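What follows is a short report on a single structure.
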Amino acid sequence: MKQFEHGGNFSDEILDFSVNINPLGMPESVKKILAGNISRFSEYPDPNCVELVQKLSEYEKIQPDNIVCGNGAADLIYRLVHALKPHRALLTSPTFSEYEKALIEADCRIKFHALRETENFCITERILDDLHDVDVFFLCDPNNPTGSLVSCKLMEKIIHRCVEENILLVVDQCFMEFTGRSNCNPALLNEHTVILKALTKIYAMAGLRLGYMISGNTKLSEKVRNTGQCWSVSVPAQLAGIAALQESEYIKKTVSFIRQERDYLCRSLKRLEIKIYPSETNYLFMHCTLPFDKLLLQKKIAVRSCKNYRGLNDSYFRIAVKNHDDNERLVNAVNEITG
């Protein structure tokens, strides 16, 4: 069985903790709109996503010209890099690998800021010392795979430094809705900042692929909009996105549910002497000297090995927060392995 770089792609008999999708599942309103519009799937999609962008504009309380939609946030990472053509970039380590891959494809030189285990792999004010002589800084918040958030105070300092140094700050907030802190820092919307978001994780529709970019620089938004293929967002993805954005109660329910189940997993796994790092989103980052992924796979449970993250090795793992029965099954399996 081949395990792909980002986890997932296991058979149905495997309980998969390697992908971090909302355990509440796709909202019923989204399922209903998709089922009722199958006849429209033969049409070409609106290349400008006009109706979806208008709904996102209302949701984010910003002008439509500041928004660009894409085939998931990953699509927008590559389109943004292609549009910018940066010469030098800053990345933290560890973090989401698609930033590095996109920058390498653009022949961009990369400077890495190593997060420290002694600081729980959190981003600290040390990052400010590296914010110079680069064109772009990709910042994952909450970070993947650690689940840690940048404090609002530190984010303000990062924004200020990027403005001073003429650095484009790209903040990936694809998991922010799970934290309940999506509107932490309104100062992010400026000409030196881009925000990346995805509807596919929070609304459990990753197979549809839908993300969007927000920028205070409308010229940059237009440049990214005109980069890449014309029809990047399918008809079903646009319909699903429009329906999902009406689901405010679903988000509140998700945040509460994730917090409760994440706390359960933290308490249970810590009792089994597994090191769990602080997380504020729908996944947990952990350290275990046992071959955790291989041992659990024998029990038909998959977790995300973090050995292919820069700065980590095969003793680090990421697990999704799932429904309580699944979480309990994982805890019992870990108990058997460690006991």
Inset, instruction - May I ask you to verify whether ASN308 is in contact with an Asp or Glu (Cβ under 9 Å, 6 or more places away or on another chain), in contact (Cβ under 8 Å) with a residue 12 or more places away in the chain and either of a type in the set (Ser, Thr, Tyr) or closer than 27 Å to SER93 by Cα (or both)? - result: yes
Inset, instruction - Provide a single number: the residues in segment 110-138 that are in a helix (DSSP H, G or I), touching a strand residue (DSSP E or B) at 6+ places or on another chain (Cβ under 8 Å) and hydrophobic (A, V, I, L, M, F, W, C). - result: 1
Inset, instruction - Could you check PHE178 against (1) under 18 Å from ASN144 (Cα atoms); (2) touching a residue at least 40 places away in the same chain (Cβ under 8 Å); (3) in contact with a Leu (Cβ under 7 Å, 6 or more places away or on another chain) and say which number it fails? - result: (3)
Legend entry - Residue list for segment 115-137, restricted to those being closer than 25 Å to TYR78 by Cβ and either of a type in the set (A, V, I, L, M) or assigned by TED's automatic domain parsing to the domain that holds TYR277 (or both): LEU115, ILE123, ILE127, LEU131, VAL134, VAL136
Legend entry - The listed residue being touching a Phe, Trp or Tyr at 6+ places or on another chain (Cβ under 9 Å), part of a loop (DSSP other than H, G, I, E, B) and in contact (Cβ under 8 Å) with a residue 24 or more places away in the chain, out of THR281, THR254: THR281
Inset, instruction - Within segment 257-278, work out how many residues are in contact with a strand residue (DSSP E or B) (Cβ under 6 Å, 6 or more places away or on another chain), among the charged types (D, E, K, R) and outside any helix (DSSP H, G or I). - result: 1
Legend entry - Subset tally (residues that are assigned to a strand (DSSP E or B), among the basic types (Lys, Arg) and more than 18 Å from VAL194 (Cα to Cα)) for segment 80-109: 1
Inset, instruction - Please list, ordered by first then second residue, the pairs with beta carbon atoms under 6 Å, 6 or more apart or interchain, first in segment 149-168 and more than 13 Å from LEU139 (Cβ to Cβ), second modelled with pLDDT of 95 or more and part of a loop (DSSP other than H, G, I, E, B). - result: GLU165/LEU131; GLU165/HIS132
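The values are calculated or read from the model by the stated rules, or taken from the named source; none is laboratory data. All values reported here derive from a predicted model rather than from experimental measurement. All Cβ positions, even for glycine, are placed from backbone atoms using ideal geometry, and neighbour counts span all protein chains on display.
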